[in-house]
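A quick write-up on the structure given underneath.
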Amino acid sequence: MLIFTATASPLQPDQVSANGATRLIINDAQEGPYLFRVGILPGSPKVGNLHLSVLIQSADGDQIISDGQMIIQATGPEPGMTAGPVQATNAPLNPQVFDADITLTALGTWTMTLETVSELGEATLVVPLQVTEAGGFNLLIVLVIAVIVVAIAALVWSQKQRKQPSRK
């Protein structure tokens, strides 16, 4: 059953491992003095919470950015609809990776801005997002539960058959 679960959930090639399995939506986009990589979770933006994981690097080389700051804000599909601004956080051991959560409140096209500043200078990356409805269910979870129920039923039936005396 574990083999079935592992084979039924193929790995997506566009996943990155920054704070879990975020889906890479921006890969090495240059804006000002920076290269940006942006990952999101869930992989398809839904109404509700959206987690962002952003890697910034120097566009001109391997310089470590140790004093970066990032503010994230999103503008919604309706006039005056905004989410944020949110201060993205980074860890001292990995100062170039920023994480933030932002709440998207409506369906439609959102425009997210990532304002970044460090010793290299300032830059703003603009990222469009298509937000869809939250909810639904994962068919894989339903399938795994069904297989477990069938396996338990077969085991119970098998045990009952063993307890009954043989008739000759």
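Remarks
- Segment 6-135: C-alpha gyration tensor shape, a/c 1.5 cut-off, then a/b vs b/c: oblate
- Computed over segment 37-129, relative contact order equals 30 percent, with contacts defined as Cα pairs under 8 Å that lie 6+ residues apart.
- Approximating the spin labels as points 7 Å out from Cα along Cα→Cβ, the residue 162-to-residue 27 distance works out to 5.2 nm.
- Note on residue 82 and residue 109: the extension gain reaches 8.5 nm, defined as 0.36 nm multiplied by sequence separation minus the Cα-Cα distance.
- Amide H contacts for residue 22 (H built 1.01 Å from N in the peptide plane; partners 5 or more residues away or on another chain; cut-off under 5 Å): 16.
Each reported figure results from applying straightforward, stated rules to the coordinates on display, with no laboratory input. These numbers were taken from a predicted model, which means no experiment stands behind them. In this analysis, Cβ positions are derived from the backbone assuming ideal geometry, glycine residues included, and neighbour counts consider all displayed protein chains.
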